[in-house]
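Worksheet: the structure to be examined is printed underneath.
None of the figures in this text is laboratory data; all of them are computed from the coordinates on show. What you see is a predicted model, and the numbers here were worked out from it, not measured in a lab. FYI the Cβ positions are ideal-geometry reconstructions off the backbone, even for glycines, and counts take in every protein chain you see.
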Amino acid sequence: MTQTENSSGKDDVRMRGFRSRTPVEEALQWVDDNVAPLEPEVVGLSDAHCRVLAAAITSPINVPAFDRSAMDGFALNSAETVGAGDYNPLSFRVVGVSMPGQPFEGDVRTGEAVRIMTGAPIPNGVDAVVPAEYTTPRDDSVEITTAVASLKHIGRTAEDVTEGTVVLDADHRLRPQDVGLIASLGLAEVSVVRRPRVRIVVTGNELAEPGEERSPFQIYEANSHVVAGLVPRDGGILFERIRCQDNRESIRSAVTNSGADVVLISGGSSVGTEDHAPNIIREAGELPIHGVAMRPSSPAGIGRIGSTLIFLLPGNPVSCLCAYDFFAGRAIRRLSGLSPDWPHRSSMGSLRSKIVSQVGRVDYCRVRIYDGEIEPVALSGASILSSTTRANGFVVVPSALEGYASGTEVEVLLYL
């Protein structure tokens, strides 16, 4: 049997419904088993923020590369400061200045001091710095009123980083301070995991573009605008958005066109006569998962065409958001080298009222937080996008439970 015959036969769910649905755990396992980080690429530091290192960073230098002052003041020999105090100021002849990038070139002898600024090299013959607040300059001399120990207020060579040490491990997501550290090593480029290129394909004759006129029975398209904000969160690059009518050839062209690592199809994933996308994927590649045991998002699907991952995101807005967060977002994070786990912050609290589910199905329940208590959002239909703006986050009810009784302590995954 050919793929085309197969897709129009037992696997074609249009106007038939799903005979069975894949457990969420199996769908997640398919993602984990079939998605790995993309190949490395070398980028400049300005493009390195929030990227994942493809290789460890080993320091080629000592940081700092020289002994330097940690204070503005005067550099001198610590042994000569013994006994200095407010009632016993000691005087030193000032023989020069050491500035950042402009060191004092000579040697400092007994009874001498060098004016020094923070970050400037420590001159030869001295081993401490007296801070400026304990000094009184006098023409070509300075009086000090405090004793200092050897190496006081001196940053030693390599006290920050030692040449040859690993400062950042592979698979580490670069924070601003990490990029700064790399810059301090003199490295202008870094090897990071390539970010996946993501294409959104929007289907549906009933959709109108925001800002344009719509017919009385059209609705404005919102799903792509939700997903567009989530893709960069998960490390992807949204490089293309294609709008299709419910036309088999236009959808096929949008899905099979080269250039994307991930294609997200919004709408057309269920059992209607115009839901073409599932069969197109089967014909051009594979669709191992179509129909998932969860609410909402049961018509979600996962497949691939060649090396391109394809995700069927249901047309109802909350279902689209849910399917993206559970499956597509996880895959994009894995491709980017990020942890596949939820990117959401979480909060714990007790339920004000129960959440009803059923064994064998995962539920995604939008909730609000009131004074530390959790309340399910009353309007929970998959088409009610505003429910996600009224909600603080969502609670996931696992497939092994029939829900949560009121008073149960639950974890809320917070919307960003």
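Across segment 120-129, coupling constants 3J(HN,Hα) worked out from phi with the 6.51/-1.76/1.60 Karplus curve, θ = phi - 60°, read 7, x, 6, x, 5, x, 10, 9, 7, 10 Hz, and Gly and Pro carry x. Each of Val396, Pro176, Val43 was placed along the dipole of the chain (beta-carbon charges, centred on the mean Cα), and the one lying farthest toward the positive end is Val396.
Over what distance in Å are the Cα centres of segment 182-226 and segment 79-118 separated? Rounded to whole Å, the Cα centres lie 61 Å apart.
Tell me, Cys365, Cys320, Cys50 in order of fewest to most beta-carbon neighbours within 10 Å?
Numbers: Cys365 23, Cys320 28, Cys50 18.
If I rank by nearby Cβ atoms, fewest first, I get Cys50, Cys365, Cys320.
Find out how many positive minus negative residues lie around Val108, taking Lys and Arg as positive, Asp and Glu as negative, among other residues whose Cβ is under 14 Å from that of Val108. Surrounding charge for Val108 is -3. If R0 equals 60 Å, the separation of the Cβ atoms of Ser141 and Glu39 corresponds to a calculated FRET efficiency of about 0.40. Computed from backbone phi, the HN-Hα couplings of segment 330-336 come to 4, 5, 5, 5, 5, 4, 7 Hz, rounded to whole numbers (Karplus: 6.51 cos²θ - 1.76 cosθ + 1.60, θ = phi - 60°; Gly and Pro given as x). Legend: calculated FRET efficiency, Ser346 to His49, from the Cβ-Cβ distance at R0 = 25 Å, rounded to 0.05, equals 0.50.
The mean sequence distance of close C-alpha pairs (under 8 Å, at least 6 residues apart), as a share of the length of the chain, puts its relative contact order at 17 percent. The Rg/Rh ratio for segment 68-155, using Cα coordinates for both the radius of gyration and the Kirkwood hydrodynamic radius, is 0.92.
Residue exposure proxy: Met294, Met348, Met117, ordered by other Cβ atoms within 10 angstrom of their Cβ from fewest to most, comes out as Met348, Met117, Met294. Out of every Cα-Cα pair that the chain contains, those further apart than 34 angstrom amount to 51 percent. Close amide H partners of Gly268, meaning residues 5 or more places away or on another chain with modelled amide H under 5 Å apart, are Gly315.
Dimensions of segment 346-414 from C-alpha coordinates, computed as largest minus smallest value along each principal axis and given longest first, are 28, 28, 19 Å. Computed on segment 346-414, with alpha-carbon pairs under 8 angstrom and 6+ residues apart, the relative contact order is 49 percent.
Note on Ser150 and Arg233: their simple-model spin labels are 5.7 nm apart, each label 7 Å out from Cα toward Cβ. Whole-Hz Karplus values for segment 75-91 come out as 8, 7, 8, 4, 4, 7, 9, 4, x, 5, x, 4, 9, 9, x, 10, 9 Hz, taken residue by residue from phi with 6.51 cos²θ - 1.76 cosθ + 1.60 and θ = phi - 60°; glycine and proline positions read x. Compared with the alpha-carbon gap, the fully stretched path from Gln177 to Glu249 is longer by 21.0 nm at 0.36 nm per residue.
Could you tally the net charge around Thr81, taking each other residue with its Cβ under 14 Å from the Cβ of Thr81, Lys/Arg +1 and Asp/Glu -1? Write down the numbers at each step before the final one.
Values: positive: Lys152; negative: Glu80, Asp86, Glu112, Asp127, Glu143.
Net local charge, Thr81 excluded: -4.
For Phe239, the amide hydrogen comes within under 5 Å of the amide hydrogens of Val198, counting only partners 5 or more places away or on other chains and with H modelled in the peptide plane. Taking amide H as placed 1.01 Å from N in the peptide plane, the amide H of Arg295 sits under 5 Å from that of Val362, Asp363, Tyr364, each at least 5 places away or on another chain.
Quote to one decimal, in nm, the extra length available between Val356 and Arg390 on full extension: 0.36 nm per residue of separation minus the C-alpha distance between them. Present the calculation step by step, with values, prior to reporting the outcome.
Working: separation 34, 0.36 × 34 = 12.24 nm, distance 2.00 nm.
Stretched out fully, the Val356 to Arg390 stretch lengthens by 10.2 nm.
Taking K and R as +1 and D and E as -1, what net charge do the other residues with C-beta under 14 Å from the C-beta of Val255 add up to?
On the way: positive: Arg199, Arg241, Arg243, Arg248, Arg252, Arg282, Arg304; negative: Glu240, Asp246, Glu249, Asp261, Asp275, Glu283, Glu286.
Residues close to Val255 contribute a combined charge of 0.
Stretching Gln218 away from Ala56 to a fully extended chain increases their span by 53.1 nm, per 0.36 nm per residue minus the current alpha-carbon distance.
Can you sort Tyr364, Tyr134 by how many other beta carbons sit within 10 Å, fewest first?
Working: Tyr364 23, Tyr134 20.
So the ranking, lowest neighbour count to highest, is Tyr134, Tyr364.
Placing +1 on the Cβ of each Lys and Arg and -1 on the Cβ of each Asp and Glu in segment 309-387, which of Ser387, Val362, Ser346 has its Cα farthest towards the positive end of the resulting dipole? The residue sitting farthest along the positive end of the dipole is Val362.
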